[in-house]
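What follows is a short report on a single structure.
Just so you know, all these numbers are worked out from the coordinates, no wet-lab data involved. All figures in this text were calculated on a predicted structure; none of them were measured in a lab. Because the Cβ atoms are built from the backbone with ideal geometry, glycine has one as well, and the counts that use them run over all protein chains shown.
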Amino acid sequence: MWMKLIRSRRHEDGQSLLETAVAMPLLLGIAFNLINLGYFWFMVLTLAAAPRQGVQYSTQGGQATTTTSSPSTTAVSNLVYENMTNAVHGATTSNTSVRVCTSALGVDSSTHIALCNSFGPAATFSAIAADPEAPVFVLNRVDVGYTVTPLIRGSAFNVVLPANMNFHRQVSMRSLY
């Protein structure tokens with residue numbers, strides 16, 4: 001009787017090895033996709049914060065309230081790049097696009113839209129709409145575009161998420177000047 005039990009357990013060992021070999025790639029694929037999904041969510045949060053801080057600096061100046069001049073578009077883009085490069089490993093001025101529209105550059109007299117400067121690689125940003133309360137107010141805008149690649153690359157792990165995702169964030173704020 002004991003011999004039969006020992007023989008039947010030997011066959012079960014092979015079955016459990018086969019079940020593990022079949023289930024392991026599926027479990028690893030799910031785990032790696034969850035890691036990539038968490039990284040993409042982190043990128044969404046980072047891309048929400050960087051242009052927000054840039055447009056706040058653009059409208060408020062980041063200086064004493066007695067100052068009546070707006071910061072330059074270069075200073076605003078440098079602040080956005082600094083936020084991106086400090087938060088995201090691999091983000092540089094060569095792979096992050098920034099567009100800064102501010103009243104410091106001037107305002108188009110017919111549309112009442114602030115003029116813009118673009119920094120970084122060429123990106124396709126959406127058209128700019130005028131402020132509904134123009135000409136009393138002028139909207140300052142900061143756009144940031146960034147192409148995110150997953151932390152864990154490979155065709156087996158791109159089942160849930162694509163290999164690259166283009167993120168874009170635009171933040172607008174009325175100027176205090």
Binned at 10 Å from zero, the C-alpha pair distances of segment 87-171 give percents of 16, 37, 25, 14, 7, 1
Hz values of 3J(HN,Hα) by residue in segment 78-83 - Karplus curve (6.51, -1.76, 1.60), Gly and Pro given as x = 4, 5, 5, 4, 5, 5
Karplus-derived 3J(HN,Hα), 6.51/-1.76/1.60, for each residue of segment 96-107, Hz, glycine and proline x | 10, 9, 9, 10, 10, 10, 9, 5, 5, 7, x, 10
Distance in nm between residue 69 and residue 147 label points, each 7 Å along Cα→Cβ, equals 3.8
Based on the mean of other Cβ atoms within 10 Å per residue, sort peptides 131-140, 51-60 so the most packed one is first.
-> 51-60, 131-140
Ranked output for segments 72-83, 118-129 by mean other Cβ atoms within 10 Å, highest leading, reads 72-83, 118-129
Please give the contour-minus-distance gain from residue 164 to residue 133: 0.36 nm per residue of separation, less the Cα-Cα distance, rounded to one decimal in nm.
-> 7.3 nm
